[in-house]
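Encoded as C-alpha cells, the structure appears first; notes follow it.
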Amino acid sequence: MPNNEKNILNRLYFVAGGMFLFALLIAVKLIDIQFIEGDAYRALAAKNTTKNVVIPANRGNVYADDGSLLASSVPKYEIRFDAVTVNKKDFDENLVPLSKEMSKMFGKPASYYQNILRKARSNKNRYLLIAKRLGYSDYIRVKKMPLFRKGPNRGGFIAESSTVREHPMGKIAERLVGNEDRNTPGHYSVGLEGAYHEQLSGKEGRRLKQKISKGRWKPVYDENQVEPQDGHDVISTINVNMQDIAHHALLKQLEEYQADHGSVIVMEVATGEIKAVANLGKSRNGGYYERLNYAVGESSEPGSTFKTIALTVALEHKVLDTATVVDTEKGSVRMYGRSISDSKRGGYGEISAAKALEVSSNIGFARMIDGAYKDDPKKFTDQIKKWNLHQKIGIPIMGEGEPVIPEEGDALWSKNALPSISYGYNLQMTPLQILTFYNAIANNGTMVKPHFIKEIRSWNKQVEVFKPEVLIPKIASQTTINKIQEVLKNIVLRGTGKSLYSENFSMAGKTGTARIEYGNLELWLKDKKYVSSFAGYFPAENPKYSCIVVIHKPSATKGYYGADVTGPVFKRIAQKIYTDSPLRAEVAAVDLIDQATKNDFESYYKKAQQRSVKIPDVKGMAGMDAVALLENLGLRVHLKGNGTVRHQSLNTGEKIKEGQEIILHLS
Amino acid sequence: MIGSSHTADKKVHRIAQLSNQTKELKSEYLDVRKQLTQTKMESKITLVMAKTGLQTSETPPKKIIITKKQ
C-alpha cells in the first residue's frame, strides 16, 4: 500500500508544518511582547505593583514662652458604621444600649440614635456617619461602646483618621497663632503659622514601595529615596498666663459695654517681646470670638492717645514746656471755622501743657501745637516720620495695617489738619504702632521692634534665635522722656485715668476716646460711635510691660470714656503681673530660741512619744497639735470651732478603743 | 529568598501597627495636655474657686528670705 504510506507521510508533513507554523507564531508573539511592546508592559507592571510614595513631613509645633503648646498636629477621628456586616442577633441585642451610650456622649435623645441606626440597617448603609473630628479620648470612648467594641467586622466599626492642627489653648490667641486656610487644606497664611510656614512645614520625602498583602506597601530599596525632613518648632514670646488674663479681661469689658470689637497687646518693655495679643469681635449671635487680628491690622484714628506723641514732639523741639500755659477757655472754641470742644462742660480755663495732657484737653492741644507749628507744620510731621510712625513696623505676620500721617501738601492736608492731628484725628495708626511708641517712652527712649518669636528649634537644637531689635536708640532727650513719664504717671494719679489708681501698684498711661464714623454728623448724633483706648505701661517706675487696650464702638448709653471702658482691662493685667511677682522681705535670721516655745514643744514631744493606751489630756493644746496626737493613737477626731482645745468629749485617763470618736471643742 | 521576603513583609506590617500606635499616643498626649492647659488657666481656676468664696489676691505673696548671720 505505497499509496497509503505516501498519504500518511503527507499528512505527517502537514501536521508538522502546522506545528512549526504555530511555534513560529508563538515565537513572533514572544519577541513582540518581549522586545517591541516590552517597555510598555514592564512600565504597566511596575505601575500596578509599585508606587512612589510621598512621605509627608510632620509639621512643627508652636510653643508659648514657657514651653506650653499653642499649636500641634494630631490625628482626629471620623467614626462611621457599617450596618450590613453586623449579624442580626448582635444588632438587636446591642441597639438599645448603644443608643443610650451615644445619647450620653453626643447629647441627642437615645430614640434618635436608635432610629438612625435602624434606618441605616434597612437601607443597607455601609458607611453611616456617627461622629466627626473626635479627639483621641473621645475616639476610645466610642470604640468601647456596645457593638462597636466588637470591631470592624462583627461590630461594623469604621474609624478613619486624618491629621489636623490642634490648639491646646482653645480659642485663646487663635488669631495670633493662626489657622489652616479653610478653603485650601495644608496652606497657612495668617498669624504665626503663616509667617513661619516655611520653617514649620519641613520637606516631604519620597520612597518607592511595592504592594504586598492586606493592601499595605513595602519599600523596595533601602536607599535611593528622599528622606522627609520634619518641620522646625517655633517658640513664640506669648505668655500663656498673661494671654489668658488679657483675653478674659477684654471679654468682660466687651460684654459689659456691648462693644463691637476690641484688642489688647502686652509687650515687654526692654525686649519688645509680645507677651499677649487678644482680639475679640462680636459674632452674629452676640457672643465674642477671636475674629480678626485687629491689634495688628486695624489702622484707625487713635484719638487722645496720640496727644502723648504730639507733646513729645513739642517738648523735644523745645517749643513748649510742661509748664507753658494755654487758655482752653470755656470748653468750646472755633479754629479755622471748625469748633473744637473738651469733654468737661465749662472748660478747664487756663492750664499748663502738662495739665492739658492730664485732663486730655482737645482745645489745649489744638492751640499749643497750632501755635508752635502753624508756620512750619512740616517740622512737626517730620519729627513723627523720624520715629518711623508713618510706615509699617514690618512684622512678619500678614496684614499689618498701614498708618496714615498726612503732611503739608497732601490731599488730606488743610488748615485744620495740624490742630486735628494734635489730638489724634486726621491720621491713622494701628494699636501695635501706638504701643511701640509708648514702649519707647517706658524704655527711656529706646524704641525696640515688637517681636513674636523667641527662636526656631529643631528637636533640641536651636536653628535661629531672634534677638531684640532696636529701631531707634533714642527717640528724644532724657529730659523730654522724664517729663513725659512724669505726666503719664500723673494721669493715673489725678488725671483722666484716676479711676484706675490703685495704692498697691503703680501704672502710667493715657486714656483715649475718639469718635468714629462721624462723616455724617446727624447720623452720628443719633447713634454715637466711639473708640475707647488706653495705652501705657507698668509699674510707673522701672516699667516692665507696656500695654494697649482698644475697644471699638462700646454702647454709648453704657459709657465710652477710655478710663471706664478700656482702663479696667489695663488695670487687670497690671494687677496680675504685680501679684505674680512676690515681694521680698529679708529677715536677718537668728538662731534665737524662744524658751516658751521650746518648753511647749518639749512637753508635746514627750506626750507624742508615749504610746499611751489611755486618753491624754489635750486641754489647752492647739487644735492641730491635738489632732495629730489623738489620731496617732488611733482615735477619730472631730473638731468644733477654732483655736485651742477647751473641752474634750472623752475624759483623760479613759482606755482607748481603736477607731473611737472624740469631739474637741475649740475656742 | 522567599523566606526573607516574608520576614520583610512581616516587618512592614509591624511598622504600620507601631506607627498607628505612636499616632494614637501622640494624640492622647496632646489631648491630656490640652485638658491640663485649660484647667490650669487662671481664669478657669478663678471661676471654680469663686463658688467656694475664694478670689484672686490683690497683693502679691511675700517671700521671706532669711539671711544668716555669720
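Backbone phi angles across region A:242-249, fed through the Karplus curve with coefficients 6.51, -1.76 and 1.60 (θ = phi - 60°), yield HN-Hα couplings of 5, 4, 4, 5, 4, 4, 6, 5 Hz in residue order; Gly and Pro are listed as x. Computed with every protein chain present, the accessible area of A:ILE130 is close to 30 Å² [probe 1.4 Å]. Taking all protein chains together and a 1.4 Å probe, the residues A:ARG42, A:ARG345 rank A:ARG345, A:ARG42 from largest to smallest accessible area. With angles folded into 0 to 90 degrees, how steeply does helix A:110-122 sit against the dominant principal axis of chain A? Use alpha carbons for both and round to 10. Roughly 20 degrees, rounded to the nearest 10. Candidates A:MET335, A:SER236, A:LEU12 compared by Cα position along the dipole of chain A: farthest toward the positive end lies A:LEU12, with charges placed on Cβ.
Entry note, chain A: relative contact order of 11 percent, from Cα contacts under 8 Å with a spacing of 6+ residues.
Rg and Dmax over the alpha-carbon atoms of region B:2-50 stand at 20.8, 70 Å. For the peptide B:18-26, the mean number of other protein chain Cβ atoms found within 10 angstrom of a residue's Cβ is 2.
What is the Cα centroid distance between region A:636-667 and region A:95-114, reported in whole angstrom? Going from one Cα centre to the other spans 53 Å.
Provide the percentage of antiparallel DSSP beta bridges, counting only those with both residues in the protein assembly as shown; round to the nearest 5. Walk me through the intermediate numbers first.
Details: 85 of 100 bridges.
Bridges in the protein assembly as shown are about 85 percent antiparallel.
About its Cα centre, the dipole of region A:595-666 is roughly 120 debye, where the only charges are +1 on Lys and Arg Cβ and -1 on Asp and Glu Cβ. Pairs over the 21 Å Cα-Cα cut-off, from the set A:LYS171/B:LYS40; A:LYS29/A:LYS51; A:LYS89/A:LYS124; A:LYS275/B:LYS26; A:LYS144/B:LYS40: A:LYS29/A:LYS51; A:LYS275/B:LYS26; A:LYS144/B:LYS40. Mean partner shielding of peptide A:166-172, defined as the number of other chain Cβ atoms within 10 Å of each residue Cβ, is 4.
This model, with +1 at the C-beta of Lys and Arg and -1 at the C-beta of Asp and Glu, gives the protein assembly as shown a dipole about its Cα centre of some 3000 debye. The mean sequence separation of alpha-carbon pairs under 8 Å and at least six residues apart, normalised by the residue count of region A:1-123, gives a relative contact order of 11 percent.
Here region A:187-285 is assigned +1 on the Cβ of each Lys and Arg and -1 on the Cβ of each Asp and Glu. Its dipole about the Cα centre then comes out at about 840 debye. Separation of region A:1-54 and region A:475-498, taken as the distance between their Cα centroids, equals 101 angstrom. Relative to the longest principal axis of the Cα atoms of chain A, helix A:377-386 runs at roughly 50 degrees.
Across the options A:VAL492, A:SER533, A:VAL404, the greatest Cα extent toward the positive end of the charge dipole of chain A (unit charges at beta carbon of Lys, Arg, Asp, Glu) belongs to A:SER533.
Direction-averaged projected area, Cα convex hull, region A:72-191: 8.4 nm², rounded to one decimal. The longest part of chain A holding none of the exposed loop GluC sites (Glu not before Pro), meaning those outside H, G, I, E and B in DSSP with at most 16 other Cβ atoms within 10 Å, is A:38-203.
Per-residue mean of foreign Cβ neighbours for A:128-135 is 1 (Cβ atoms of other chains, 10 Å radius). Counting only aspartates and glutamates at least 8 places from A:LYS607 when in the same chain, those with an alpha carbon closer than 15 Å to its own are A:ASP617, A:ASP625, A:GLU631. Calculated on C-alpha atoms, the gyration radius of region A:593-667 divided by its Kirkwood radius gives an Rg/Rh of 0.97. With contacts taken as Cα pairs under 8 Å at a separation of at least 6 residues, region A:595-666 carries a relative contact order of 34 percent.
Can you tell me the equivalent ellipsoid semi-axes for region A:218-284? Use √(5λ) from the Cα gyration tensor, largest first, whole Å.
After diagonalising the Cα gyration tensor, the semi-axes are 43, 19, 9 Å.
Note on chain B: GNM, Cα springs under 10 Å; of B:VAL32, B:VAL48, B:VAL12, the largest mean-square fluctuation is that of B:VAL12.
Please work out the FRET efficiency for the pair A:LYS132 and A:LYS89, using the Cβ-Cβ distance as r and a Förster radius of 41 Å; give the result to the nearest 0.05.
0.85
With a 1.4 angstrom probe, the accessible area lost at the B-A interface totals about 3700 Å². Label positions at A:ASN58 and A:ARG494, each projected 7 Å from the Cα along the C-beta direction, are separated by 6.2 nm. When the inverse distances between all different Cα atoms of chain A are averaged and flipped, the Kirkwood radius reads 32.4 angstrom.
A DSSP coil position with no more than 13 other Cβ atoms inside 10 Å describes the following trypsin sites (Lys or Arg not before Pro) in chain B: B:LYS40, B:LYS51, B:LYS69. For trypsin sites (Lys or Arg not before Pro), the sites in region A:600-637 that DSSP calls loop and that have at most 12 other Cβ atoms within 10 Å are A:ARG611.
The values are calculated or read from the model by the stated rules, or taken from the named source; none is laboratory data. On a predicted model such as this, the values are computed, not experimentally measured, just so you know. No Cβ is skipped: glycine too gets one built from the backbone with ideal geometry, and neighbour counts run over all protein chains shown. Accessible surface is based on the protein model in full, side chains and every heavy atom, while ligands, DNA and RNA are left aside. Shrake-Rupley method; radii C 1.70, N 1.55, O 1.52, S 1.80 Å.
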